[in-house]
Amino acid sequence: MRRTPAKTVSARVVRSASERAYQRLRTAIVACDPAPGDRITEGDVAQRLAIGKTPVREALRRLVHEGLVVVRPRQGYVVAPITLGDVEELCGLRLVVEPAAVELAAAGGRIDTARVVALERLCRVGYDIRKPESVREFHRANRTFHTSIAQASGNARLAALVDQLLVELQRVIHFAMLVHPHGDSDATVARHAALLRALKRGRAATARQLVEREILATQRLVTESLMRHASVRRAAIS
């Protein structure tokens, strides 16, 4: 019976620990804990997650590659700040890729019964701005709702890009809600319901217009909120 070399087992353990560290730290950063601009160290993260520094180092490298963490001279790792430029870039790119995915999904008739059932459940999820867990649950449902529609386009790369943009925007939107608690949950639910109706009826042009309006509405709300935050406002003026 062949034995697996100790080095191979050790490497697998490190990869597994690194993946856990990555997922937990990424989730925390998206939820703004730590907040944008906060300094983080390998030691602090290792202690917080009760894990070794080596997998934490690997996790941080991945987050740097994704743009959620930046490396600054003499400071080390810092959670990527949020600026108005970020909002403009992310929403601008989302306006390019997501309407195309939605149009493909509607025109191709790829919204099957099982997906419709899941989307109907997701589109009913609103939020209570006074309850952080309610807001987090909405963000999870919102991301799954839009990503599932993009996946129905039949273009895996396009769907992956939509999902990545939604993850980055989730952090921005969550921060905006912390800065200036606001939002219209009923209006959001209504927009999602209208989009789903258009998809079920195969109305590609209507579905495209609806998702474009939702993205622009999100950009306006987030921009207004961020302008109330001193650090973001100073960055916009400088």
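The values are calculated or read from the model by the stated rules, or taken from the named source; none is laboratory data. Being a predicted model, the structure only gives us computed values, none of them experimental. Cβ atoms come from the backbone with ideal geometry, glycine included; neighbour counts cover every protein chain shown. The protein model used for the area step is the full one, side chains on, heavy atoms only, and it has no ligands, DNA or RNA in it. Shrake-Rupley method; radii C 1.70, N 1.55, O 1.52, S 1.80 Å.
With the largest listed first and rounded to whole Å, the semi-axes of the equivalent ellipsoid of the stretch 49-165 from the Cα gyration tensor are 31, 19, 16. Expressed in Å, the radius of gyration and Dmax of the Cα atoms of the stretch 137-199 are 12.8, 38. The residues of the chain expose on average 55 square angstrom of accessible surface per residue, using a 1.4 Å probe on protein heavy atoms.
Of I51, I129, which has the most accessible area and how do the rest follow, probe 1.4 Å? List each step's numbers first, then the result.
Working: I51 35, I129 55 Å².
My answer, sorted largest first, is I129, I51.
Database remark: amide H of V69 closer than 5 angstrom to the amide H of V64, A80 (H placed geometrically; neighbours at sequence offset of 5 or more, or on other chains; Pro and chain starts carry no H). Simple rule: put +1 on each Lys or Arg Cβ and -1 on each Asp or Glu Cβ in the chain, find the dipole, and look at A31, V102, S18; the Cα lying farthest toward the positive end is S18.
Here the dipole of the chain is about 880 debye; that uses its Cα centre as origin and unit charges on the Cβ of Lys and Arg (positive) and Asp and Glu (negative).
When the solvent-accessible area of the chain is split by element, carbon and sulfur atoms take up 51 percent of it, the probe being 1.4 Å.
For R74 and D33, compute 0.36 nm times the residue count separating them, minus their Cα-Cα distance, and round to one decimal in nm.
Values: separation 41, 0.36 × 41 = 14.76 nm, distance 2.23 nm.
Here the answer is 12.5 nm.
Nearest 0.05, what FRET efficiency do Q23 and D44 give at R0 = 22 Å with Cβ-Cβ as r? Present the calculation step by step, with values, prior to reporting the outcome.
Details: r = 18 Å, r/R0 = 0.80.
Step by step, r from the Cβ atoms, then E = 0.80.
Given the -39500 (n - 2.57) contribution per DSSP H run of 4+ residues, what per-residue ellipticity at 222 nm results for the chain, rounded to the nearest 500 deg cm²/dmol?
Counting only the DSSP helices, I get -24500 deg cm²/dmol.
Helix 113-123 and the long axis of the chain differ in direction by around 80°, with both axes built from C-alpha atoms. For the stretch 112-238, place one equal point scatterer on every Cα, skip the solvent, and apply the Debye formula. What is log10 of I(q)/I(0) at q = 0.18, 0.21 Å⁻¹? With one equal scatterer per Cα and no solvent, log10 I(q)/I(0) is -1.02, -1.31. Look at the alpha carbon pairs under 8 Å that are at least 6 residues apart: their mean separation over the length of the chain gives a relative contact order of 23 percent. Just to confirm the number: angle between the C-alpha axis of helix 156-179 and the first principal axis of the chain, 0 to 90 degrees, nearest 10? The angle comes out near 80 degrees.
Measuring with a 1.4 angstrom probe and ignoring ligands and nucleic acids, R213 comes out at about 150 Å² accessible.
Between the entries (1) 16.8, 49; (2) 16.9, 61; (3) 19.9, 68, the label attached to Rg and Dmax of the Cα atoms in Å calculated for this structure is (3). Each label was represented as a point 7 Å from its Cα along the Cα-to-Cβ direction; for I129 and L93 these points are 2.8 nm apart.
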